[in-house]
Amino acid sequence: QVQLVESGGGLVQAGGSLRLSCAASGRAFSTYSMGWFRQAPGKEREFVAAINWIGGTYYADSVKGRFTITNDNVKSTMYLQINSAKPEDTAVYYCALRRGSIATNPSVFEYWGQGTQVTVSA
């Protein structure tokens, strides 16, 4: 099994920055993708960004140019750098992992963290 633990959430002013971390442990896969998703109150969980085992990345249009996803294989930790934060970025952010290529549908991700709250004040 795989365990994912997010950290780094908090309160940030609009225009500010925040870095989320997702520490992975347990079983390792030769080919995998990790992603960030978010869910605001009353809304469905939505894709934010993903990275695969060779460093390829993909972003939702709403965060492109503001968010950066990276993966430190030595530390087994994935990061999401949030810059130019907007109030509409407020949500619980989840990290997830799946075997295989990048995907944007949360239903195909097999492992999930518990989530970390990000709140952006206007």
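Taking N as the residue count of segment 2-122, its C-alpha radius of gyration divided by 2.2 N^0.38 Å amounts to 0.98. Qualifying trypsin sites (Lys or Arg not before Pro) in segment 42-122, where qualification requires a DSSP coil assignment and no more than 14 other C-beta atoms within 10 Å, comprise LYS43, LYS64, LYS75. Charge dipole of the chain (Cα centre as origin; +1 on each Lys and Arg Cβ, -1 on each Asp and Glu Cβ, all else neutral): 140 debye, rounded to the nearest 20.
Charged neighbours of ARG99, selected by a Cβ distance under 12 Å, balance to +1 (K, R count +1; D, E count -1). For the chain, the solvent-accessible area of protein heavy atoms averages 51 Å² per residue (probe radius 1.4 Å; ligands and nucleic acids excluded). Note on the chain: with neighbouring protein chains present and a 1.4 Å probe, carbon and sulfur make up 49 percent of its accessible heavy-atom surface. For LYS43, a cut-off of 21 angstrom between C-alpha atoms picks up these lysines, skipping any fewer than 8 places away in its own chain: LYS64, LYS86.
The values are calculated or read from the model by the stated rules, or taken from the named source; none is laboratory data. Model, not experiment: these values are computed from the prediction. Quick reminder, even Gly has a Cβ in these numbers, built from the backbone with ideal geometry, and neighbours come from all protein chains shown. The protein model used for the area step is the full one, side chains on, heavy atoms only, and it has no ligands, DNA or RNA in it. Shrake-Rupley method; radii C 1.70, N 1.55, O 1.52, S 1.80 Å.
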